[in-house]
Amino acid sequence: MSRNADVSFLFDLDGTLVDSVYQHVLAWQQALHAAGIELSVWRIHRRIGMSGGLFTEMLLREVKAEITPDLLETLQRRHGEAYAGLVQWVRPLPGAKELLAYLTDARIPWAIATSGRMGSAKYNLQALGVDPAQAVVITRDDVRHAKPDPDLFLAAAARLGVDIHSAAIVGDSIWDILAARRAHGLGVGLLSGGYGQDELERSGAVRVYEDPADLLRHIDEVGGRP
């Protein structure tokens, strides 16, 4: 079978391939609480998917806390520590492994592009069975700006050697879809991260599916044919 060069798939990780969004929410809540910052969980959830630095800056503006480099670094570190204690509950989303296996068997290029740093992403990749030494994985460590900037997806496409304009960019948050639009790729939304269909569509998603299993059942709708 020859490689399908007409389409590629670039995936977000948290909430898109692994069921980890709410573990991240709780980890950020713990990190903020340890710093004496009280913030409602729903406000934290609405920012999941952004880069960690932008995420914390936006949250701190909401509580009018003084933003200092030391505080940002402390929050990032505490979040990582708290998340490491919650990863035992992280699982691949339904159909995630099967979706990646299908694309691999069909010789359709795919990559993972996550706003998380490898320190936390490694746990999710392990749960998914993806070896970053064998697959294309782009993390926050690899780019200057993360979502909603397009850098992660542009870097993933460049690493794969594919045209970003023909890439289906799959994510669960409005920040993924906004980044997909700015990268000039095809935004595909999943409901598995907690955002609603209308929010994802307003952000620019051309199709919205429940989870990876639902996407796999309709993969031909976004060009995922062998």
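The values are calculated or read from the model by the stated rules, or taken from the named source; none is laboratory data. Everything numeric in this text was worked out from a predicted model, so none of it was measured. Neighbour counts run over all protein chains shown; Cβ positions are idealised from the backbone, glycine included.
Looking at the range 55-66, which of its residues are in a loop (DSSP other than H, G, I, E, B) and surrounded by 15 or more Cβ atoms within 10 Å (Cβ to Cβ)? Quick ask: steps written out before the conclusion?
Filtering the range 55-66 down to residues in a loop (DSSP other than H, G, I, E, B) leaves 63-66.
Within the range 55-66, just A65 meets the criteria.
Within the range 133-181, track down each residue that is in a loop (DSSP other than H, G, I, E, B) and among the charged types (D, E, K, R).
First, the residues of the range 133-181 that are in a loop (DSSP other than H, G, I, E, B): 133-136, 139, 143-150, 161-163, 172-173.
The answer is R144, K147, D149, D163, D172.
Only one residue in L17, L60, L75, L71 is under 19 Å from the mean Cα position of the chain (by Cα) and either not assigned by TED's automatic domain parsing to the domain that holds E210 or not basic (K, R) (or both), so which one is that?
L17
Starting from the range 151-165, take each residue that is closer than 22 Å to G49 by Cα and list its partners that are assigned to a helix (DSSP H, G or I) and of a type in the set (D, E), counting only C-beta distances under 7 angstrom and pairs at least six apart or across chains.
A155/D142
Does D211 count as under 14 Å from the mean Cα position of the chain (by Cα), in contact (Cβ under 8 Å) with a residue 60 or more places away in the chain, surrounded by fewer than 23 Cβ atoms within 10 Å (Cβ to Cβ) and on the phi < 0 side of the Ramachandran plot? Even if it seems obvious, please write down each step before you answer.
On the way: under 14 Å from the mean Cα position of the chain (by Cα): yes; in contact (Cβ under 8 Å) with a residue 60 or more places away in the chain: yes; surrounded by fewer than 23 Cβ atoms within 10 Å (Cβ to Cβ): yes; on the phi < 0 side of the Ramachandran plot: yes.
When the stated conditions are applied, D211 passes them.
So, in the range 153-173, exactly how many residues are among the acidic types (D, E) and within 14 Å of the chain's Cα centre (by Cα)? Even if it seems obvious, please write down each step before you answer.
Initial filter on the range 153-173 (among the acidic types (D, E)): 163, 172.
Among the residues that remain, those that are also within 14 Å of the chain's Cα centre (by Cα) are: 172.
The qualifying residues number 1.
Just a yes or no: is a residue in the range 140-156 of a type in the set (G, A, S) and at pLDDT 95 or above? Quick ask: steps written out before the conclusion?
Let us first name the residues in the range 140-156 that are of a type in the set (G, A, S), namely 146, 155-156.
Then keep just the ones that are at pLDDT 95 or above; that gives 155-156.
The answer is yes; a qualifying residue exists.
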